1. Of A:Ser299, A:Pro413, A:Phe154, whose Cα points farthest to the positive end of the dipole of the protein assembly as shown (charges on the beta-carbon: +1 Lys, Arg; -1 Asp, Glu; origin at the Cα centre)?
2. Using 19 Å as the Cα-Cα cut-off, could you pick out the over-long pairs in A:Lys117/B:Lys17; A:Lys332/A:Lys352; A:Lys246/A:Lys356; A:Lys32/A:Lys70; A:Lys89/A:Lys147?
3. Answer rounded, prolate or oblate for the stretch A:49-126, using the Cα gyration tensor with square roots of eigenvalues a ≥ b ≥ c: rounded when a/c is under 1.5, else prolate when a/b is larger than b/c, else oblate.
4. Measuring from label point to label point, each 7 Å out along Cα→Cβ, what is the A:Val235 to A:Leu159 span in nm?
5. Peptide A:127-133: average number of partner chain Cβ atoms within 10 Å per residue?
6. In the neighborhood of A:Val165, defined by Cβ-to-Cβ distances under 12 Å, what is the net charge if each Lys or Arg adds +1 and each Asp or Glu adds -1?
7. Suppose R0 equals 35 Å. What FRET efficiency, 1/(1 + (r/R0)^6) with r the Cβ-Cβ distance, do A:Phe205 and A:Ser11 give to the nearest 0.05?
8. When you count, for each residue, the other Cβ atoms within 10 Å and take the mean per peptide, how do A:86-92, A:205-211 rank with the highest first?
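FYI, it's all coordinate maths here, none of it is from the lab. Since this is a predicted model, take the numbers as computed values, not measurements. Here the Cβ is made from the backbone with ideal geometry for all residues, glycine too, and neighbour counts use every protein chain on show.
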Amino acid sequence: AKSKAVVPAESFDWGRYIFSNNTVGAPVSCFKHAPMGTCWADIEEGVRIEVLNSDTNLSTKVYWIAEIIKLAGFKALLRYEGFDNDTSKDFWCNICIPEVHPVGWCASSGKPLVPPKSIQHKYSNWKAFLVKRLTGAKTLPPDFNTKVHENMQFPFKKLMRVEVVDKNYLCRTRVALVEQVIGGRLRLVYEESQDGSDDFWCHMFSPLIHNIGWSRSIGHRFKRSDIAKKMEGQVDAPAQFFQKVKDVDQSVDWFRDGMKLEAIDPLNLSAICVATVRKVLADGYLMIGIDGSEAVDGSDWFCYHSTSPSVFPAGFCEINNIELTPPRGYTKLPFKWFDYLRESGSIAAPVKLFNKEVPNHGFRQGMKLEAVDLMEPRLVCVATVTRIVHRLLRIHFDGWEDEYDQWVDCESPDLYPVGWCQLTGYQLQPPASQSNRD
Amino acid sequence: GAEAGGRKWEQKQVQIKTLEGEFSVTMWASDDNK
């Protein structure tokens, strides 16, 4: 599995990066799992806000009105009222920080608005100017700051117990304890880790985590721990905290052991591979093996739900002009499903069993975002959407070779808007320079 | 107000306070309509 080294953060500036590359950030509304992801529709260019005035000699914090000129995720290019077409003092600001308010907040808080000193004398009558500029313009909803605060609350707390995939043994789960919660991302420490360093990062909506008892309930392999009883303060995370999967009817025409399909390789997310259903579990879950790369003991089988956007019917790649990775050691190239099924005496899983829903996700090719490197899931990196196939996004990590690209679902909780790291206090991995890569 | 994606834009009287005094303007702000 290919993973990247940590790049020193230094001072990466999303605003300058977006501007100098003449590109766009994916809108926050593309990320329903992110804070404000479901209430971003009214945040647009032209909206006026009250924001800290940084162009003043006053010793106290003062505010002035600014207009959103351009949006990139949570970040907005702002221009103070009074600068008209003068772009020289434009600045980027994260819209969800506590110093950003709807117009009217200063008056209700008893704070006077003070114009920037560089245009202080430009207008003799600021009242007339502001009435003209603001009448009929849009501002943020009055409850904007409350909404941001509410959206930054997460139900998972330290010492909650979950079942999570064993990162060293993909076919089984283990118990882990929540150690840290940042922006909905959990640092989980596997139970029995001596020094707390055996950890795994994932979002709280990740399909890789489940409530205690999940593995047993569906027949998934599970590493029993020798810890007999819970330590003080530990509590099982309630089942309702976890993402629900769709109910499926397994009684008729269901997946069967040996059926062939195409699946994203969990150990190389750049590749969609020829794969086999190895075991049918309960509640719609399947153990999948990547053909030609399977360990004899099945230790690298991987659990995907049948509705997962990471499994596809045979022929998906060919139809969509995606390179399909043939089984390792298979020499009859180019790979042809018809021949392979005949030679292996197997059948393809019926197309009707797969999830064909394509959400109106809003992503466009070239959009910038912050994306988890799923091979090193504690890293959130500067990234670009380079290809879109129905609901599948090809994520390129800026500055890295294409071989590090990953196929990711449009609703993946591992994708975030520009500015998410800044908002949540997570460390962002900037684009790699040549020296970093070396 | 005007409907937009399940939310409603409403005209609001917004107070502005400057060093010269206080006044109000009419702006648009959205209200959760869900």
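1. Going by the Cα projections, it comes out as A:Phe154.
2. Values: A:Lys117/B:Lys17 17 Å; A:Lys332/A:Lys352 29 Å; A:Lys246/A:Lys356 13 Å; A:Lys32/A:Lys70 21 Å; A:Lys89/A:Lys147 29 Å.
Violating the 19 Å Cα-Cα cut-off are A:Lys332/A:Lys352; A:Lys32/A:Lys70; A:Lys89/A:Lys147.
3. Numbers: a/c = 1.75, a/b = 1.13, b/c = 1.55.
Since a/c reaches 1.5 but b/c is at least a/b, the shape of the stretch A:49-126 is classed as oblate.
4. 1.0
5. Values: counts 7, 1, 0, 4, 5, 1, 1.
Per-residue shielding by partner chains comes out at 3.
6. Working: positive: A:Lys167, A:Arg172, A:Arg174, A:Arg221, A:Lys223; negative: A:Glu163, A:Asp166, A:Asp300.
Local net charge: +2.
7. On the way: r = 31 Å, r/R0 = 0.89.
My answer for the efficiency is 0.65.
8. Details: A:86-92: 13.9, A:205-211: 20.9.
Descending mean neighbour count gives A:205-211, A:86-92.
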